[in-house]
Amino acid sequence: MAVPDFTLNNGVTMPALGFGVFQTPPDETKTAVAEALRVGYRHIDTAAAYGNERGVGEAIRASGIERSQIFIETKIWINDYGYEETLHGFEKSAGKLGVEQIDMLILHQPFPRGFDRTLGAYRALETLLADGKVRAIGVSNFMPHHLERLLAEVEVTPALNQIEVHPYFQQREAQERNAALGIVTQAWAPIGGITFYRPGFSQSTLDDPAILAIAQAHGKSAAQVMLRWGVQQGRSVIPKSVKPARIAENFEIFDFELSGDELAAIDALNANQRGGPNPDDITLETFNREIPEA
């Protein structure tokens with residue numbers, strides 16, 4: 001099954017559907033990524049802070065698939081912000097992944113209370129891009145006010161902004177601002193995974209009656225409907241799983257289409273209920289994670 005590509009603002013193409021490994025234990029990552037590659041995923045999203053970049057690299061090398069056919073995305077954590085620190089952060093990630101070039105390198109958080117370090121980190125991404133060590137650069141969890149602050153100081157507009165987007169938290173203002181700037185919105189928790197285990201949500205998105213009704217109409221699962229909703233609205237989606245059946249199921253989203261009424265029904269579920277941390281609250285005191293050397 002062919003996965004459509006997004007063309008980023010610098011001309012690089014990226015598969016619309018990716019495979020995420022957030023919270024995947026390091027000892028399970030290689031097996032999960034190997035299965036995803038076997039199914040047909042060609043876009044893998046990881047991060048320095050996940051502690052599993054090495055497993056991603058091992059699976060890619062063992063797959064026998066040409067490196068040029070796999071889009072690797074990873075993230076620099078706030079402990080490694082600052083110009084020289086982020087250049088070294090790239091070396092750590094590339095070393096663990098076992099690659100010379102990373103396809104998409106992004107800043108994991110805006111770190112507003114250390115924005116000078118955020119700027120230094122992003123300028124390092126610009127250097128890595130100019131040197132050909134990365135093919136595209138971006139950000140994650142940047143709200144419109146963070147983007148405005150960043151863009152006033154840097155040369156290269158991010159190609160991508162990875163933010164929490166699912167039916168109960170749609171971040172429309174952030175999505176619209178991304179689109180206006182030519183930045184692709186990439187949804188983390190695209191099937192509302194965070195609604196399954198974080199307190200405060202009245203129910204899981206997988207149990208939502210409106211989503212289940214649409215799923216039944218198409219002979220699909222609730223998860224497939226939410227992923228289809230994402231890609232039809234122009235978002236990159238990166239579902240995660242360690243279960244082979246679920247990995248395969250999440251890939252089967254390009255053989256049906258949601259109607260305008262069905263898209264609107266999912267849009268109507270927005271409760272503006274954030275599951276992840278507020279990006280303005282990220283500090284080294286509360287989110288300190290030393291990233292090991294390669």
Which members of region 118-131 meet the condition of being under 26 Å from Gly20 (Cβ atoms) and either of a type in the set (Lys, Arg) or out of contact with any Ser or Thr (no Cβ under 9 Å at 6 or more places or on another chain) (or both)?
-> Thr118, Glu126, Leu129
Flagged in region 95-120 as in a strand (DSSP E or B) and farther than 18 Å from Pro15 by Cβ, in numbering order, are Leu107
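Output the number of residues of region 28-52 satisfying the condition of being within 19 Å of Ala245 (Cα to Cα) and open to solvent by 10 Å² or more (accessible area, probe 1.4 Å).
Result for region 28-52: 9.
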Within region 175-205, can you find the residues that are outside any loop (DSSP other than H, G, I, E, B) and either surrounded by 21 or more Cβ atoms within 10 Å (Cβ to Cβ) or at pLDDT below 95 (or both)?
-> Asn178, Val184, Thr185, Gln186, Ala187, Trp188, Ile194, Thr195, Phe196, Tyr197, Thr205
Considering region 74-106 alone, what residues qualify as being touching a residue at least 60 places away in the same chain (Cβ under 8 Å) and either touching a His at 6+ places or on another chain (Cβ under 6 Å) or not small (Gly, Ala, Ser) (or both)?
-> Lys75, Trp77, Ile78, Asn79, Asp80, Glu91, Lys92, Lys96, Asp103, Met104
Return only the number of the condition from (1) touching a residue at least 40 places away in the same chain (Cβ under 8 Å); (2) under 21 Å from Pro190 (Cα atoms) that Val134 does not satisfy.
-> (2)
Taking interchain pairs and intrachain pairs at least six residues apart, which have beta carbon atoms under 6 angstrom, with the first residue in region 279-290 and closer than 13 Å to His108 by Cα and the second among the small types (Gly, Ala, Ser) and surrounded by 14 or more Cβ atoms within 10 Å (Cβ to Cβ)?
-> Arg289/Ala49
Only one of these conditions is not met by Asn9: (1) under 21 Å from Glu66 (Cβ atoms); (2) under 18 Å from the mean Cα position of the chain (by Cα). Which number is it?
-> (1)
Would you check if Thr86 is hydroxyl-bearing (Ser, Thr, Tyr) and under 20 Å from the mean Cα position of the chain (by Cα)?
-> yes
Count of residues meeting criterion [open to solvent by less than 40 Å² (accessible area, probe 1.4 Å) and either touching a Leu at 6+ places or on another chain (Cβ under 9 Å) or part of a helix (DSSP H, G or I) (or both)] in region 217-264 = 22
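Quickly run through region 107-148 and pick out the residues that are among the aromatic types (Phe, Trp, Tyr) and either surrounded by 19 or more Cβ atoms within 10 Å (Cβ to Cβ) or in contact with a helix residue (DSSP H, G or I) (Cβ under 6 Å, 6 or more places away or on another chain) (or both).
Phe111, Tyr122, Phe142, listed by residue number.
Across region 53-72, which residue is nearest to Ala94 (Cα to Cα) among those that are of a type outside the set (Gly, Ala, Ser) and outside any helix (DSSP H, G or I)?
Applying the first criterion (of a type outside the set (Gly, Ala, Ser)) to region 53-72 yields 53-54, 56, 58, 60-61, 65-67, 69-72.
Within this subset, residues satisfying the condition of being outside any helix (DSSP H, G or I) are 65-66, 70-72.
Working: Ile65: 18, Glu66: 17, Ile70: 15, Phe71: 13, Ile72: 10 Å.
Among residues in region 53-72 that are of a type outside the set (Gly, Ala, Ser) and outside any helix (DSSP H, G or I), the one nearest to Ala94 (Cα to Cα) is Ile72.
Collect the residues in region 206-216 that are assigned to a helix (DSSP H, G or I) and either surrounded by fewer than 22 Cβ atoms within 10 Å (Cβ to Cβ) or not aliphatic (A, V, I, L, M) (or both), keeping them in residue-number order. Outline the logic, then answer.
Start the filter on region 206-216 by keeping residues that are assigned to a helix (DSSP H, G or I), which leaves 206-207, 209-216.
Across region 206-216, the qualifying residues are Leu206, Asp207, Pro209, Ala210, Leu212, Ala213, Ala215, Gln216.
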Could you please let me know if Gly18 is surrounded by 21 or more Cβ atoms within 10 Å (Cβ to Cβ) and not aromatic (Phe, Trp, Tyr)?
-> yes
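The values are calculated or read from the model by the stated rules, or taken from the named source; none is laboratory data. The structure displayed is predicted, hence computed values, not measured ones. Neighbour counts run over all protein chains shown; Cβ positions are idealised from the backbone, glycine included. Protein only, heavy atoms only, side chains kept; ligands, DNA and RNA dropped before computing areas. Shrake-Rupley method; radii C 1.70, N 1.55, O 1.52, S 1.80 Å.
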